[in-house]
Amino acid sequence: MWLEIGKCFEELDADENCRVVVLSGAGKVFTAGLDFQDMLKLAPELAEKEDVARKAKILLNFITTYQKSITSLELCRKPVLAAIHSACVGGGVDFITAADMRYSTKDAWFQVKEVDIGMAADVGTLQRLPKVIGSESLVRELCYTARKMLAAEALTSGLVSRLFGDKERLLFKMKCLCLKLKFLCVCSMIKGVIEIAEEISKKSPVAVRGTKVNLIYSRDHSVQEGLNHIALLNQMMLQSEDFATATVAQATKQKGVVFSKL
Ligand SMILES: CCC/C=C/C=C/C(=O)SCCNC(=O)CCNC(=O)[C@H](O)C(C)(C)COP(=O)(O)OP(=O)(O)OC[C@H]1O[C@@H](n2cnc3c(N)ncnc32)[C@H](O)[C@@H]1OP(=O)(O)O
């Protein structure tokens, strides 16, 4: 599956019909993290080698494959919106911290579980989580203790940017019908996140792509390096038809401008 994730985001990056990606979990939980069965398969392969360097080579390959898979969310130049329900454990936290935005249901919970299985997290949480939630103290508490963080705290800490009552559109509709009071409805997460994705998809893909690429670059570089990067990028991109079209539309209050595929 980890290889498939990388391949999937490579394809989404290349697909001109795709402007935004919504990532959700199909099962009972968003993700249980590392598949213990995968780890069991690794054991005999390691046992075949006696020497530590040979064993280490196998593990390095394993770890970097997982790392690349998760980094593929950032290399995909389309915004990735993670919609998380129920449990998001271990590798799941590594995974969602590589997304552009995170939303969850009120029943969601997050756990940097790696210390509980005797390892330091190695596929992104330790690198990205401090940049996502900003509090080193909270990050360290979560990583050292492996305690569960519930949705409410995920919201206040900035791990997720909005909470939804439930996951599916169906439930949203049912609740609306039952209550007959739209304003009291807890909004379905998938519906809400798709609405945000739709809003982004109407913007210039040139502008959105440039914004994502520069945000990630700037996160990992100095302010001046980030400024240099966007200056280089925009000396080309400001010549795009999107810039002219969008600027005229804003100035003339024109609505519903459609930007062509990129
Ligand atoms: C180079 C490596 C990089 C990656 C590192 C990643 C590290 C990590 O992800 S550390 C965290 C590992 N994951 C866990 O510790 C999660 C363990 N599972 C749970 O906490 C619960 O199962 C969970 C909260 C996800 C769901 O709880 P629930 O009560 O709803 O279900 P269960 O009865 O516990 O589980 C249902 C069946 O799923 C199997 N299962 C659960 N987790 C895993 C897993 N990680 N890998 C494989 N299988 C898993 C569980 O055994 C049950 O199976 P069965 O008994 O056959 O029904």
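Kindly indicate whether any position in the stretch 74-92 is more than 13 Å from the ligand (Cβ to nearest atom), assigned to a helix (DSSP H, G or I) and within 23 Å of the chain's Cα centre (by Cα).
Scanning the stretch 74-92, I find at least one residue that is more than 13 Å from the ligand (Cβ to nearest atom), assigned to a helix (DSSP H, G or I) and within 23 Å of the chain's Cα centre (by Cα), so the answer is yes.
Considering only residues that are without any contact (Cβ under 8 Å) to a residue 24 or more places away in the chain and in a helix (DSSP H, G or I), which ones fall in the stretch 97-126?
Of everything in the stretch 97-126, just one residue is without any contact (Cβ under 8 Å) to a residue 24 or more places away in the chain and in a helix (DSSP H, G or I), namely Leu126.
Checking the conditions here, which among Lys113, Lys28 is surrounded by fewer than 21 Cβ atoms within 10 Å (Cβ to Cβ) and within 13 Å of the ligand (Cβ to nearest atom)?
Lys28
Identify all residues within the stretch 43-84 that are more than 30 Å from Lys212 (Cβ to Cβ) and in contact with a Leu (Cβ under 8 Å, 6 or more places away or on another chain); write none if there are none.
Listed by number, the residues that qualify are Leu46, Lys55, Ile58, Leu59.
Scanning for something assigned by TED's automatic domain parsing to the domain that holds Val193, at pLDDT below 95 and not hydrophobic (A, V, I, L, M, F, W, C), does the stretch 29-36 turn up at least one residue?
Yes, some residue in the stretch 29-36 is assigned by TED's automatic domain parsing to the domain that holds Val193, at pLDDT below 95 and not hydrophobic (A, V, I, L, M, F, W, C).
Within the stretch 5-24, identify whether any single residue is over 30 Å from Lys203 (Cβ atoms), of a type outside the set (Ser, Thr, Tyr) and assigned by TED's automatic domain parsing to the domain that holds Leu163, and answer yes or no.
No, the conditions are met nowhere in the stretch 5-24.
Yes/no per residue for (1) surrounded by fewer than 17 Cβ atoms within 10 Å (Cβ to Cβ); (2) at pLDDT 95 or above:
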{"residue": "Phe183", "(1), (2)": "yes, no"}
{"residue": "Val193", "(1), (2)": "no, yes"}
{"residue": "Ile196", "(1), (2)": "no, yes"}
{"residue": "Lys202", "(1), (2)": "yes, yes"}
{"residue": "Ser222", "(1), (2)": "yes, yes"}
{"residue": "Leu227", "(1), (2)": "yes, yes"}
{"residue": "Leu232", "(1), (2)": "yes, yes"}
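Is there a residue being within 16 Å of the ligand (Cβ to nearest atom), crowded, with 21+ Cβ neighbours inside 10 Å and not assigned by TED's automatic domain parsing to the domain that holds Asp220 anywhere in the stretch 158-165?
no
Filter the stretch 246-262 down to residues that are over 25 Å from Leu12 (Cβ atoms) and surrounded by 13 or more Cβ atoms within 10 Å (Cβ to Cβ), then give me how many there are.
The first filter runs over the stretch 246-262 and keeps only residues over 25 Å from Leu12 (Cβ atoms), leaving 247-256.
From what's left, surrounded by 13 or more Cβ atoms within 10 Å (Cβ to Cβ): 249.
Qualifying residue count for the region: 1.
Picking from Ser260, Ser201, which residue would you name as being closer than 30 Å to Ile84 by Cα and polar (S, T, N, Q)?
Residue meeting the stated conditions: Ser201.
Of the residues Ser104, Ser69, which single one is within 12 Å of the ligand (Cβ to nearest atom) and of a type in the set (S, T, N, Q)?
Ser69
Might you let me know whether the stretch 42-53 holds any residue that is among the charged types (D, E, K, R), within 14 Å of the ligand (Cβ to nearest atom) and in a helix (DSSP H, G or I)?
Yes.
The values are calculated or read from the model by the stated rules, or taken from the named source; none is laboratory data. In this text, all values refer to a predicted model and were calculated from it rather than measured experimentally. Glycine also receives a Cβ, built like all others from the backbone with ideal geometry; neighbour counts cover every protein chain displayed.
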